[in-house]
Amino acid sequence: MMGSGGFAGRILFVDLSTQEVRREPLDQGMASEFLGGLGVNLRLAWSLVEPGIDPLGERNPIILGAGPFVGTDIPASSRVYGVSKLPANGAVGWCGGGGMSFGCQLKYAGFDHLVITGRAQRPSLLRIADQEVQIMEASDLWGRGVRETCQILWDRFGRPGGIISIGQGGENLVRFSMAYIDGFSTLGRGGFGAVMGSKNLKAILVQGRGEVTVSDKEAYRELTGKLLESMRSYPYLKEWQELGLMKSIEAAPVDLYRRSKKRRVACVSCPLGDKDILEIPEGPHKGEVIWSTSAVNLFTPLALGLKDPWEACKCVALLDELGLDMFEFFSVLSFAKRLVHAAVIPEDPSEPEIELSSLSSLETWARRISAREGLGRVLANGVRGLLEEFGEKAMEHCPPLVKGMVPYVGPEAPLKWNLFGTMELGQLLDPRGPHVATSGSPTYFAKRPLEVFPKHLKRMGVPDSALRAILPGLGTEEAGIRVGRLLKHSHRWFTILACLGICARAQVNRFYNAELCAKLYSAVTGWDMSLDELRLRADRVWTLLRLLNVREGLTRAKDSPPRGWFGPDGFRDYLSDRPLKPEEVEAMVEDYYSEQGWDPETGVPTRETLTRLGLGDL
């Protein structure tokens with residue numbers, strides 16, 4: 001097979017139990033058939049994740065990968081993906097993060113993917129410096145926070161250096177703990193941090209001095225030049241660079257953000273930047289500097305109970321340092337508070353009061369959960385932990401759950417949004433459950449007229465034949481939208497971006513289209529890639545994710561919506577704004593299965609689909 005640009009060409013395998021390190025060549029056929037990045041991660045998972053293994057057992061692998069665009073100067077192409085069996089619900093799931101410097105450093109060190117198995121006897125640091133791989137003692141880092149760990153490692157080993165680290169939540173196996181990249185980007189709803197903690201792996205540090213080559217330099221320069229020009233000429237570019245995600249999601253008044261903004265931070269190769277460093281300008285916390293994946297995150301607790309914006313920032317900063325998922329943290333505490341009021345949780349004078357509007361209370365509970373102290377031992381296992389501990393009486397007060405987790409958006413979710421589009425349906429249909437990247441589409445946190453949909457969907461690579469099925473009767477009074485069918489193509493678009501390494505955030509991927517991705521893939525790798533082939537290979541990747549979870553026992557019933565989503569205060573139809581009925585969402589699920597080529601009754605990919613996608617021999 002000709003062409004190998006974009007790939008470092010090797011996979012690094014590390015067994016923490018035996019301390020064995022081995023390097024294997026990246027199979028070019030596999031890289032081509034599964035595109036790279038997330039796709040190759042999942043193909044490795046098919047061979048390495050044994051059905052039924054304990055997510056927190058030493059046989060559960062961590063598989064990290066960076067796609068073929070990572071390490072080039074293609075704009076905003078730094079994305080890193082992790083795959084593992086996740087403790088939140090036992091799904092084989094992906095976790096994606098803005099790669100900061102980790103992805104490119106991994107590629108520069110000579111590796112496209114990193115596979116970690118086993119369990120170290122003591123707290124450990126995995127250090128990769130070009131071809132030198134060391135499993136180092138890290139007891140001095142154990143018990144430290146995410147950003148503190150990063151700073152110590154940069155002071156010790158120098159920059160540049162890409163770091164994935166966990167906080168105290170991951171160390172103590174909190175089911176909703178996350179890992180972080182360079183102290184900024186979150187890697188993993190679903191308990192990825194706990195998987196690292198179960199391996200006694202505090203951090204991964206990678207430093208490389210190599211490079212990533214491209215195969216067709218002339219085509220590459222032409223394509224990237226036009227792409228950069230489209231970004232430079234975008235009329236709202238300066239606003240995006242100044243405000244980041246606050247430009248589209250105003251979690252607090254913009255003047256508050258401007259007063260506290262210290263500087264913006266971008267992942268490697270990103271011309272926009274969506275990370276923030278704030279300095280609290282007033283009050284008892286004046287002068288404190290806070291890092292975040294976005295200022296939107298820092299101000300989000302204002303919608304969850306806190307009243308003071310600087311207390312909201314402090315709260316999120318602590319959760320990030322401990323390595324806890326903010327949304328799951330607030331959901332678990334809210335549920336626990338209900339159970340206390342209903343006397344399901346017995347009164348205990350030794351336990352602090354749960355008060356969602358009090359920074360002091362939130363900080364206390366964040367630390368208790370991270371340490372599994374008192375009731376925090378139960379809360380550390382999430383909403384499912386409370387149900388397991390307190391049984392049927394707790395179930396009577398439980399918020400709607402999707403695959404054992406509280407959705408980000410919904411009638412009783414942390415983010416209140418009641419129109420039912422692809423993100424909302426996607427919370428059901430991604431095997432790992434709800435997360436914010438369920439799928440980009442025109443329905444994402446917006447109510448837009450159907451007339452704007454075709455342009456957006458064609459950019460995502462939706463063919464004309466599918467467009468007509470997604471938007472029946474477009475241009476007539478009977479025009480409608482088939483959310484289930486649209487979701488299939490939204491998942492395909494996300495998969496393309498994830499395999500190549502392109503950021504999925506709207507302010508970046510708006511400049512990309514599927515045709516451009518196919519041309520860039522051809523120029524970078526040297527492997528001819530048509531739009532049709534790109535679509536097919538993305539479908540292969542997403543269907544493999546489904547197969548991994550069917551193998552784990554994923555059934556049609558687990559894709560059904562919770563009852564709490566319906567009723568007068570529940571989700572509403574995207575177009576008519578009338579209350580949705582459960583059977584309508586069930587029909588959307590079947591539409592999605594049908595569009596994917598999966599059995600409409602079971603959700604299992606059909607034999608014909610597996611053959612068409614080249615998965616028939618798995």
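The values are calculated or read from the model by the stated rules, or taken from the named source; none is laboratory data. Computed from a predicted structure; not experimentally measured. All Cβ positions, glycine included, derive from the backbone under ideal geometry; neighbour counts span all protein chains shown.
Out of the residues in the stretch 321-358 meeting the condition of being outside any loop (DSSP other than H, G, I, E, B) and β-branched (Val, Ile, Thr), tell me which one is nearest to LEU141 (Cα to Cα). If you could, list the steps in order and put the result at the bottom.
In the first step, residues of the stretch 321-358 are kept if they are outside any loop (DSSP other than H, G, I, E, B); the result is 321-322, 324, 326-341.
Pick out the ones that are also β-branched (Val, Ile, Thr) and you get 332, 340.
On the way: VAL332: 28, VAL340: 36 Å.
My answer is VAL332.
Please verify whether the stretch 210-221 includes one or more residues that are over 30 Å from ASP130 (Cβ atoms) and not in a helix (DSSP H, G or I).
The answer is no, given that none of the residues of the stretch 210-221 is over 30 Å from ASP130 (Cβ atoms) and not in a helix (DSSP H, G or I).
PHE192 passes all but one of (1) crowded, with 21+ Cβ neighbours inside 10 Å; (2) under 22 Å from CYS517 (Cα atoms); (3) of a type outside the set (D, E, K, R); which number fails?
The one condition PHE192 does not meet is (2).
Considering only the stretch 359-419, give the helices (runs of 4 or more DSSP H) lying wholly within it that have at least 2 residues that are of a type in the set (Gly, Ala, Ser), in the same structural domain as PRO349 (by TED's automatic domain parsing) and touching a residue at least 60 places away in the same chain (Cβ under 8 Å).
Fully inside the stretch 359-419 and qualifying: 359-371, 382-395.
Restricting the search to the stretch 271-294, which residues are touching a residue at least 40 places away in the same chain (Cβ under 8 Å) and under 20 Å from SER358 (Cα atoms)?
none
Going through the stretch 571-587 one residue at a time, which ones are more than 10 Å from LEU419 (Cβ to Cβ) and within 28 Å of the chain's Cα centre (by Cα)?
PRO582, GLU584, VAL585, GLU586, ALA587
Among the residues of the stretch 498-516, are any in contact (Cβ under 8 Å) with a residue 12 or more places away in the chain, of a type in the set (D, E, K, R) and in contact with a helix residue (DSSP H, G or I) (Cβ under 6 Å, 6 or more places away or on another chain)?
Within the stretch 498-516, one or more residues are in contact (Cβ under 8 Å) with a residue 12 or more places away in the chain, of a type in the set (D, E, K, R) and in contact with a helix residue (DSSP H, G or I) (Cβ under 6 Å, 6 or more places away or on another chain).
Could you pull out the residue among ALA8, ALA76 that is at pLDDT below 95 and closer than 30 Å to GLY273 by Cβ?
Within the list ALA8, ALA76, the selection yields ALA76.
Take residues that are under 24 Å from the mean Cα position of the chain (by Cα) and tell me which of the strands (runs of 3 or more DSSP E) falling wholly in the stretch 58-152 contain 1 or more. Talk me through it step by step, then tell me what you get.
On the way: elements: 62-66, 80-85, 92-97, 113-117, 124-129, 132-137.
The strands (runs of 3 or more DSSP E) meeting that bar are 62-66, 80-85, 92-97, 113-117, 124-129.
List every residue pair whose Cβ atoms sit under 8 Å apart, with the two residues 6 or more apart in sequence or on different chains, where the first one lies in the stretch 421-436 and is under 16 Å from ARG189 (Cα atoms) and the second, anywhere, is modelled with pLDDT of 90 or more and hydroxyl-bearing (Ser, Thr, Tyr).
The qualifying pairs are GLY426/SER490; LEU428/SER560; LEU429/TYR592.
Can you tell me which of THR364, THR422 is farther than 12 Å from VAL332 by Cβ, among the β-branched types (Val, Ile, Thr) and surrounded by 24 or more Cβ atoms within 10 Å (Cβ to Cβ)?
THR422
So, LEU44, is that one among the aliphatic types (A, V, I, L, M), more than 22 Å from ASP216 (Cβ to Cβ), in a helix (DSSP H, G or I) and in contact with a helix residue (DSSP H, G or I) (Cβ under 9 Å, 6 or more places away or on another chain) or not?
yes
In the stretch 157-192, how many residues are closer than 23 Å to VAL21 by Cα and in a helix (DSSP H, G or I)?
Residues flagged as closer than 23 Å to VAL21 by Cα and in a helix (DSSP H, G or I) within the stretch 157-192 amount to 2.
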